[in-house]
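Colleague: Would you mind keeping the following structure in view while I ask a few things?
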Amino acid sequence: MHTILELKKQQVGVRMPTYLINEIDEISKKYKVNRSEILIEGAKEYVSSVKEQEVYERLGEALQEVKLMTDGKIPKISARSLLDEI
């Protein structure tokens, strides 16, 4: 969840290729949604995707550590410690 202050909208300037603006405007007209809402949804999807990828990367690192522990190459630590790293 976000606080009321975090939900407040702030104006930003963005430079985009003309073809992309044109495509966004077509979608905006077709679905009767303003350009800002389309860009907000696109940004949300991108941020969510990046965060998800980071979780998978950290999980992969933790699994590599578990493999090294089971192979006796590094000292074993508790499962809780591994989860805390993730």
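No value in this document is a laboratory result; all are computed from the given coordinates. Here the structure is a predicted model, which is why all the values come from computation and not from measurement. Here the Cβ is made from the backbone with ideal geometry for all residues, glycine too, and neighbour counts use every protein chain on show.
Colleague: Can you give me the distance in nm between label points at Val66 and Ala79, each placed 7 Å from the Cα along the Cα-to-Cβ direction?
Modeller: Inter-label distance under the simple model: 0.9 nm.
Colleague: Of Lys51/Lys73; Lys29/Lys51; Lys8/Lys30; Lys30/Lys51; Lys9/Lys51; Lys44/Lys67, which pairs sit farther than 25 Å apart, going by alpha carbon to alpha carbon? Each step should come with its number before you reach the end.
Modeller: On the way: Lys51/Lys73 30 Å; Lys29/Lys51 31 Å; Lys8/Lys30 27 Å; Lys30/Lys51 31 Å; Lys9/Lys51 22 Å; Lys44/Lys67 35 Å.
Over 25 Å Cα-Cα: Lys51/Lys73; Lys29/Lys51; Lys8/Lys30; Lys30/Lys51; Lys44/Lys67.
Colleague: So which residue, out of Glu52, Glu37, Glu23, gets the largest mean-square fluctuation from a GNM of the chain using Cα contacts under 10 Å as springs?
Modeller: Glu23
Colleague: Could you tell me how many degrees, from 0 to 90 and to the nearest 10, lie between the Cα long axis of helix 35-70 and the main elongation axis, the longest principal axis, of the Cα atoms of the chain?
Modeller: 10 degrees
Colleague: Build a GNM of the chain with springs between Cα atoms under 10 Å: which of Val50, Val14, Val33 gets the top mean-square fluctuation?
Modeller: The residue with the greatest mean-square fluctuation here is Val14.
Colleague: Would you calculate a helix-derived [θ] at 222 nm for the chain, using -39,500 (n - 2.57) for each DSSP H run of n ≥ 4 and dividing by the full residue count, to the nearest 500?
Modeller: Numbers: 4 runs with 61 residues, N = 86.
Here the helix-only value at 222 nm equals -23500 deg cm²/dmol.
Colleague: Taking neighbour Cβ counts within 10 Å as the exposure measure, how do Val66, Val12 sort from fewest upward? Please list the in-between numbers first.
Modeller: Details: Val66 15, Val12 6.
Going from least to most buried by this count: Val12, Val66.
Colleague: Another one. Debye calculation, C-alpha points only, no solvent: report log10 I(q)/I(0) for region 15-85 at q = 0.18, 0.20, 0.21, 0.23 Å⁻¹, in the same order as the q values.
Modeller: -0.75, -0.86, -0.91, -1.00
Colleague: Tell me the angle of helix 18-31 to the major Cα principal axis of the chain, expressed in degrees between 0 and 90 and rounded to the nearest ten.
Modeller: Value to nearest ten degrees: 80.
Colleague: Given the options Ser48, Gly13, Ala79, identify the residue whose Cα lies farthest towards the positive end of the charge dipole of the chain (+1 on Cβ of Lys, Arg; -1 on Cβ of Asp, Glu).
Modeller: Gly13
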